[in-house]
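Below is one structure, written out as structure tokens; the observations come after it.
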Amino acid sequence: MKQENLRLTGVERHFDEDEIIVSKTDPKGRITYANDVFLRISGYSEAGLLGQPHSIIRHPDMPRCVFALMWDTIAKGREIFAYVINRAANGDHYWVLANVTPTFNPDGTIRGYHSNRRKPRREAITAAAGLYRQLRTEEDALQNRRDGMARGTATLMDLLKSQGVDYDQFVFAL
Ligand SMILES: Cc1cc2nc3c(=O)[nH]c(=O)nc-3n(C[C@H](O)[C@H](O)[C@H](O)COP(=O)(O)O)c2cc1C
């Protein structure tokens, strides 16, 4: 099904501050593990998730450029933090602060990725939602997805430059 056609309920889901939503993927982003908190919040069964691309829970409000930055960073063997809005199986949504890290084979190549997600502060969600709305508007203004993503990335980089911060500093100031 095309992402754009997925049903959304507008209902937000919550999880506790001491809970961590965990998943692991292979190097291509196919899910190899999801913990119980992931299953409960996302509304998917383990069988429905394993082997699926992680974009199965993608929410259409997420800017493409954020995932581009995520993949660019983790494929280089570095970790990244990002606020992410996800779509539950029934169309509800939930916000997370994700920390995505690579795991390595003994020879140094990337074996897969691991994401730990915690409940964000409400003010951070409000700030991220506003930023993502702006980035999506930039991206959607161009017909071609690739051009749109490049424009979103340029907007994000301009914002960091104007504030004199790098991406990590920016995320933790949200
Ligand atoms: C370990 C890991 C965790 C990820 N977690 C999420 C997630 O929670 N939500 C999401 O939309 N994408 C997540 N992604 C990114 C997806 O792989 C994908 O790039 C994204 O959903 C955008 O979909 P697209 O690349 O098909 O446009 C994750 C990727 C990795 C490697």
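Values in this text are rule-based calculations from the coordinates and carry no lab data. These numbers come from a predicted model, not from an experiment. Reconstructed Cβ throughout: ideal geometry from the backbone, glycine too, with neighbour counts over all protein chains shown.
Values for this structure:
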| read-out | value |
| --- | --- |
| Karplus-derived 3J(HN,Hα), 6.51/-1.76/1.60, for each residue of segment 81-98, Hz, glycine and proline x | 10, 7, 7, 9, 9, 10, 9, 6, 4, 8, x, 5, 9, 8, 9, 9, 9, 9 |
| Percent of alpha-carbon pairs separated by more than 28 Å within segment 8-166 | 21 percent |
| Listed residues ASP72, ASP16, ASP26, most fluctuating in the chain (Gaussian network, C-alpha, under 10 Å) | ASP16 |
| Nonlocal amide H pairs with TYR44, under 5 Å, H built at 1.01 Å | ALA89 |
| Of SER45, SER115, SER23, the one that fluctuates the most in a GNM where the chain has Cα springs shorter than 10 Å | SER45 |
| Cut-off under 5 Å, modelled amide H: who pairs with ARG111 long-range | THR103, PHE104, ASN105 |
| Nonlocal amide H pairs with GLN52, under 5 Å, H built at 1.01 Å | ILE31 |
| Gyration tensor verdict on segment 46-132 (Cα atoms; rounded if a/c is under 1.5, prolate if a/b is larger than b/c, oblate otherwise) | oblate |
| Residue-by-residue Karplus 3J(HN,Hα) for segment 29-39, coefficients 6.51, -1.76, 1.60, Hz, glycine and proline x | x, 8, 6, 10, 7, 9, 7, 4, 5, 4, 4 |
| Cross-link partners of LYS28 among aspartates and glutamates (Cα-Cα below 13 Å; sequence separation of 8 or more within a chain) | ASP72 |
| GNM flexibility winner over the chain from MET157, MET62, MET149 (Cα, springs under 10 Å) | MET157 |
| Leading residue at positive end of dipole, the chain (Cβ point charges), from PHE81, MET149, THR25 | MET149 |
| Ellipticity estimate at 222 nm from DSSP helix runs (n ≥ 4, -39,500 (n - 2.57)) divided over the chain, nearest 500 | -12000 deg cm²/dmol |
